[in-house]
Every structure is written in C-alpha cells, then in structure tokens.
Amino acid sequence: MNTKLLVDSIVRQTTVLIAQLCTAAGVRAPLAQIADQVFLGLSRELETQGVGRKVAADMFGLALRSYQKKVQRLTESETQRDKTLWEAIIDYLREQGGAPRRRIFERFQRDDESAVAAILNDLVSSGLAYSTGRGGSAVFGLTSAVDRERMADEDQSATLPAMLWLVVYREGPLAAAALAERFGLELPAVDALLGELEHDGRVQRDAQTGHYRSGTMTIAVGDRAGWEAAVLDHFAGVAKAIAAKVRLGPQSELAEWIGGATLSFDVHPGHPLEREVYDLLKNVRASVNDLWSRLAAYNRAHPILDGEKIKVTFYLGQNVELPDPADAGDRISDADPSPDDADDSAVAEQGTDSAANTEGENQS
C-alpha cells in the first residue's frame with residue numbers, strides 16, 4: 001500500500017474542508033494554531049496506538065529531544081491562542097470605542113492593507129461591528145457588548161447541547177467533568193446543559209456512577225440547532241470506517257461489514273436517468289430512516305446493555321458538481337436538483353469523486 005500517497009491526498013482534501021469551515025459566513029476563524037493542533041493530536045494518537053516516542057519522533061523527522069520539547073511546549077500552551085490580525089483589530093476597536101477607517105489603517109500600517117480592509121468588511125457583515133460614514137472618514141466600532149453576548153449565546157445555545165449529546169451518544173457513558181475538559185468549559189455550565197438534555201430525555205444519568213449515556217440521537221433534516229454536530233458526526237463516521245478498513249485490510253473477515261462504496265454518475269440536462277440519479281439520496285435516506293425507526297422502537301422496548309452493544313454506523317452522502325457556465329452555458333433543465341433535493345442533508349454531504357463508476361468495500 002502506498003501510504004504516503006494516500007496520506008498526502010487525504011491531507012489535501014481535509015485542508016479544503018478546513019478552509020471552507022474557517023471562512024463560513026464571511027468570518028475568518030483563527031488558523032495560527034492548526035499546525036500545532038495537528039502535531040499534538042497526531043503525537044497523542046501515535047502513542048495511543050503503541051508507537052514509542054523515539055519512533056514517533058523519527059516519523060516527524062525530529063530528534064527525540066526536540067520532539068519531546070515540542071510536545072511539552074504545545075501541551076502546556078494548548079489552551080492559548082496566538083492573536084491573529086482579525087483579533088487584533090477587534091481588540092483595537094474595543095480599546096478605542098470606535099475609530100475612523102484612516103486611523104485603523106495607520107494603526108495596522110505594517111499589515112497588508114487589503115487584509116485589513118477584508119477583515120473590517122467581515123466584521124461588519126457578521127454583525128460584530130458597525131460602520132457609519134463613507135471613505136476614509138467612515139467610523140468603525142464594535143456592536144454593543146449586550147448584542148455581542150446575545151449573538152454568542154444564541155450560537156452556543158444552538159450548538160453546544162447537540163455537540164454534548166453527540167459525544168455522550170458516541171462515547172458514553174461519560175462523566176460531566178470529562179465533557180467539561182473535552183469542550184474547555186466550566187463544569188457548572190456543562191452540568192446545566194446536561195440537565196436540560198436529561199430533562200428532554202436525550203441523555204440519561206446513571207444514579208450510581210453519575211455518568212451520562214444516550215441510546216439514540218436524531219437531528220432532523222434542515223434543523224439549524226445541531227447542524228454542526230451532524231456535520232461532525234458524518235465526518236467522524238466516514239473517517240472511522242476508512243481507518244478501520246485500513247487497519248483490518250481488504251481481506252478481513254469483516255470485509256462485508258466495514259467499508260464503503262463511491263460511485264459517480266455523469267448526467268446532462270434532459271438525461272433519461274437524471275431525476276433517478278438526483279433522487280438517490282432522498283430514496284436511500286427514506287429506506288434507512290424506516291429501518292432506523294423500527295430498530296429504535298424495538299430497542300426502546302428491549303434496551304441493550306452497554307457491555308453488549310455493537311454499534312453499526314451507516315453513512316451516506318451525495319454531492320452534485322454543476323459545470324462551469326463558461327464551459328457549458330447557462331442551460332438548466334427542469335429536472336435539475338433544487339437546493340432542497342441536492343443539499344438537504346442534516347449531515348455533511350460525502351463527495352463522490354471517483355474517477356469511474358466503481359464500487360467496492362475498500363472505497364470510501
């Protein structure tokens with residue numbers, strides 16, 4: 001197996017996903033620490049898999065002492081983040097209580113002018129800042145602390161409960177303290193969120209151990225609250241299946257249970273099978289949801305003990321790549337997928353970029 005070629009290709013595709021996530025909604029998420037996060041995460045995972053530090057250091061092209069120092073430094077500063085230009089501009093506007101565009105550019109004259117302009121535009125479009133006036137005399141300021149807090153609370157209240165629920169479902173039983181450490185939150189805040197999830201029946205707390213578990217997790221298609229958790233769950237499901245396939249090999253006795261199939265269908269507007277291809281996601285989802293509902297109903301009546309539970313994760317996804325109008329014209333058929341048809345999954349769509357119409361258990 002050409003491991004290096006495979007790893008290089010996966011890293012390239014993953015960076016595309018990270019870049020799209022970091023620029024979602026026009027806001028530039030800090031990237032300064034990603035390389036360090038990847039290094040620390042890889043080093044920990046290698047040790048978990050039994051790889052010694054001397055071998056791990058060699059895999060990173062480092063001397064053992066340099067490797068150990070780097071791991072120690074990153075572990076000690078894991079909760080800290082270098083200040084990006086985006087954050088520096090926010091801090092400056094906060095300190096000044098607002099400033100003219102001209103003065104902002106003077107303050108950050110050593111930075112790229114187009115980057116400063118782009119960040120100011122991002123801050124205004126995202127609602128974190130406002131601007132009045134025009135040209136160089138335009139004044140920029142941060143929205144009120146109350147408004148920013150309201151925005152942050154709204155995002156957190158929509159995302160955190162679903163993320164907690166997902167981790168409890170996938171990795172539970174778990175203690176509240178472990179979840180607080182996992183998400184970098186204060187324990188009382190996590191206790192409150194878990195209390196709400198327990199009240200809603202989404203998680204259950206063991207009276208003896210105090211640990212939380214969950215037998216099911218559902219995020220409805222199009223549900224904004226929990227969208228991030230659905231994306232993470234889909235990505236994790238795909239990644240775990242591929243990792244298991246790599247670890248077990250194509251000749252494993254579990255070959256028919258673990259793996260995936262990727263098929264690409266080339267159609268054109270008016271193709272006789274166009275609608276049938278577009279409807280694959282909808283039809284497969286309906287079939288899978290029916291099976292899931294029947295199984296969930298049975299498991300509610302006949303609970304499975306944690307020690308006996310075998311978790312089977314089935315992932316599906318669909319991506320539609322339209323031709324460039326410059327190459328194919330602006331013709332759109334009545335059968336072309338609407339946004340609801342082509343991109344209505346509550347989980348991340350899995351791309352189907354195979355070079356040919358192929359299928360096999362070792363393709364995910």
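Taken over region 115-137, the criterion of being small (Gly, Ala, Ser) and either closer than 12 Å to Leu85 by Cα or part of a loop (DSSP other than H, G, I, E, B) (or both) is satisfied by Ala115, Ala117, Ala118, Ser126, Gly127, Gly133.
Restricting attention to region 56-96, the residues being exposed (fewer than 13 other Cβ atoms within 10 Å of the Cβ), modelled with pLDDT of 85 or more and in a loop (DSSP other than H, G, I, E, B) number 2. If the condition is being at pLDDT below 80 and farther than 16 Å from Gln13 by Cβ, then region 246-257 contributes Arg247, Leu248, Gly249, Pro250, Gln251, Ser252, Glu253, Leu254, Ala255, Glu256. If you check Glu198, Glu181 for being modelled with pLDDT of 80 or more and either in contact with a strand residue (DSSP E or B) (Cβ under 8 Å, 6 or more places away or on another chain) or among the hydroxyl-bearing types (Ser, Thr, Tyr) (or both), only one passes: Glu198. The residue list Leu232, Leu291 contains one member that is at pLDDT 80 or above, exposed (fewer than 12 other Cβ atoms within 10 Å of the Cβ), outside any loop (DSSP other than H, G, I, E, B) and out of contact with any Pro (no Cβ under 9 Å at 6 or more places or on another chain), which is Leu291.
Could we say that Gly237 is within 22 Å of Trp292 (Cα to Cα), surrounded by 17 or more Cβ atoms within 10 Å (Cβ to Cβ) and in contact with an Asp or Glu (Cβ under 7 Å, 6 or more places away or on another chain) here? Answer is no for this residue. For region 305-327, a residue qualifies if it is β-branched (Val, Ile, Thr) and exposed (fewer than 12 other Cβ atoms within 10 Å of the Cβ), and the qualifying residues are Ile310, Val312. Specify the residue that is surrounded by the fewest Cβ atoms within 10 Å (Cβ to Cβ); the eligible residues are those in region 245-287 that are under 25 Å from the mean Cα position of the chain (by Cα), assigned to a loop (DSSP other than H, G, I, E, B) and among the β-branched types (Val, Ile, Thr). For region 245-287, the residue satisfying everything is Thr262. Scanning region 115-130 for residues that are of a type in the set (Gly, Ala, Ser) and at pLDDT below 85 yields Ala115, Ala118, Ser125, Ser126, Gly127, Ala129.
Restricting attention to region 151-161, does a residue exist that is at pLDDT 80 or above and either surrounded by 14 or more Cβ atoms within 10 Å (Cβ to Cβ) or of a type outside the set (Phe, Trp, Tyr) (or both)?
Yes, the conditions are met somewhere in region 151-161.
The values are calculated or read from the model by the stated rules, or taken from the named source; none is laboratory data. Since we're looking at a predicted model, the values are computed, not measured. With ideal geometry, Cβ positions are generated from the backbone for all residues, glycine too; neighbour counts draw on all protein chains shown.
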